[in-house]
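Asker: Before anything else, here's the structure in question.
The values are calculated or read from the model by the stated rules, or taken from the named source; none is laboratory data. This is a predicted model, so every value here is computed, not measured. Cβ placement follows ideal geometry from the backbone for every residue including glycine, while neighbour counts extend to all protein chains displayed.
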Amino acid sequence: MNLVIDAGNSRVKWGWHDGSQWANVATVSLIEFAAANHDINPFAATHEDPERIVISNVAGEGAHQLIVNWTSIFEATPLWLRGEPARCGVRSRYDDPGQLGPDRWAALIAARALHEGDCVVVNAGTATTVDMLSAEGEFLGGVILPGVELMRFVLHEHTGKLPIQEGRFRARPTRTLDAIETGCRHAQAGAVERVVRSAAPGALCLVSGGAGQALIEQLDIPTRYVENLVLEGLARVAASEPPRLPAGDRAPGSTQAPASKS
């Protein structure tokens, strides 16, 4: 059994995968994760001693240290995923592959396993990322923009009177709340559709993230929703790795560094 952990900007997800299917998946907000009782290890609640542990962390040093503490009870040495030149059939054309966020890299790996043609990989959360993946498995690049809630918050914080409450998407908004909501959602959908046109018209759009379902409703392109795209990619990375030895049993000179945030 493999343990995979996705520490994102707003939530922490983890799952236990047996190589063919999920045995357990859990999620908590980042605030809940940081405030958890240190006597109760959330990762050990359902299983013991994973064969491999693979982690994506873009939540910063605080989350990194918590994960280090809670995975230290296991014998397996964690692999902290980071962007790489190639893995699991995906080749990166990022200028510096190591600067690509581990969550984006994991999502691309999952996308390659789920779809063999041209696709655009979207993760819609606190930030929205839109990444292009060719039918040959090349990551061609991508864009990052604020998510809907962050757009709404920024408008509220940097204007005198605009409200922060959620409105409704409407074709012809006649209330300020609805004008903000509709504008933010048009911005999300427009960015995705423009990237699809520049990548490969007709490419499948694989969408994940907490705001993903709402985003799909605005898109006029082929789409597929995948609930935990990053976890799916981490599970495939874990399956491709040899069992991870405890720190005291590593080969001389071997090192494992935590992932960089991007």
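Yes or no, residue by residue, for (1) buried (at least 21 other Cβ atoms within 10 Å of the Cβ); (2) in contact (Cβ under 8 Å) with a residue 24 or more places away in the chain; (3) among the polar types (S, T, N, Q):
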residue: 5; (1), (2), (3): yes, yes, no
residue: 10; (1), (2), (3): no, yes, yes
residue: 64; (1), (2), (3): no, yes, no
residue: 73; (1), (2), (3): no, yes, no
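Asker: Please go through segment 15-50 and give me each residue that is crowded, with 16+ Cβ neighbours inside 10 Å, of a type in the set (A, V, I, L, M, F, W, C) and over 16 Å from residue 210 (Cβ atoms), ordered by number.
Answerer: 16, 43, listed by residue number.
Asker: Same structure, new question: I need a count of the residues in segment 94-118 that are under 19 Å from residue 135 (Cα atoms) and touching a strand residue (DSSP E or B) at 6+ places or on another chain (Cβ under 6 Å).
Answerer: 8
Asker: Can you give me the number of residues within segment 144-167 that are in contact with a Lys or Arg (Cβ under 8 Å, 6 or more places away or on another chain) and surrounded by fewer than 16 Cβ atoms within 10 Å (Cβ to Cβ)?
Answerer: The qualifying residues number 2.
Asker: Taking the stated definitions as given, is residue 216 assigned to a loop (DSSP other than H, G, I, E, B), surrounded by 14 or more Cβ atoms within 10 Å (Cβ to Cβ) and aliphatic (A, V, I, L, M)?
Answerer: no
Asker: Okay, next question. If you scan segment 152-174, which residues turn out to be at pLDDT 90 or above and within 17 Å of residue 125 (Cα to Cα)?
Answerer: Hits for segment 152-174 are 152, 153, 154.
Asker: Quick check: anything in segment 130-138 within 20 Å of residue 214 (Cα to Cα), within 17 Å of the chain's Cα centre (by Cα) and not β-branched (Val, Ile, Thr)?
Answerer: Yes: one or more hits.
Asker: Limited to segment 169-211, what total is found for residues that are assigned to a helix (DSSP H, G or I), of a type in the set (S, T, N, Q) and closer than 22 Å to residue 227 by Cα?
Answerer: Count: 1.
Asker: Filtering segment 217-231 down to residues that are over 17 Å from the mean Cα position of the chain (by Cα) and hydrophobic (A, V, I, L, M, F, W, C), which residue is nearest to residue 8 (Cα to Cα)?
Answerer: 219
Asker: Could you tell me which residue of segment 80-109 is farthest from the chain's Cα centre (by Cα), considering only residues that are small (Gly, Ala, Ser) and buried (at least 20 other Cβ atoms within 10 Å of the Cβ)?
Answerer: My answer is 92.
Asker: Same structure again: One residue is enough: does segment 123-135 have a residue meeting the conditions more than 25 Å from residue 6 (Cβ to Cβ) and β-branched (Val, Ile, Thr)?
Answerer: Checked segment 123-135: no residue is more than 25 Å from residue 6 (Cβ to Cβ) and β-branched (Val, Ile, Thr).
Asker: Okay, next question. How many residues does segment 192-222 contain that are free of Cβ contacts under 8 Å to residues at least 24 places away in the same chain and closer than 30 Å to residue 80 by Cα?
Answerer: Going through segment 192-222 one residue at a time, the tally reaches 1.
Asker: Out of (1) touching a residue at least 40 places away in the same chain (Cβ under 8 Å); (2) surrounded by fewer than 12 Cβ atoms within 10 Å (Cβ to Cβ), the odd one out for residue 77 is which?
Answerer: Failing condition for residue 77: (2).
Asker: State yes or no: is residue 188 within 26 Å of residue 154 (Cβ to Cβ), in contact with a Phe, Trp or Tyr (Cβ under 8 Å, 6 or more places away or on another chain) and not aromatic (Phe, Trp, Tyr)?
Answerer: Taking the combined requirement at face value, the residue does not satisfy it.
Asker: May I ask you to list the residues in segment 147-164 that are over 23 Å from residue 212 (Cβ atoms) and either of a type in the set (A, V, I, L, M) or out of contact with any helix residue (DSSP H, G or I) (no Cβ under 9 Å at 6 or more places or on another chain) (or both)?
Answerer: Within segment 147-164, 157, 158, 159, 160, 162 meet the criteria.
Asker: I've got another one for you. Kindly indicate whether residue 144 is among the hydrophobic types (A, V, I, L, M, F, W, C) and modelled with pLDDT under 90.
Answerer: no
Asker: Related question: Scan segment 155-166 for residues that are under 16 Å from residue 186 (Cα atoms) and either touching a Cys at 6+ places or on another chain (Cβ under 9 Å) or part of a helix (DSSP H, G or I) (or both) and jot them down.
Answerer: 155
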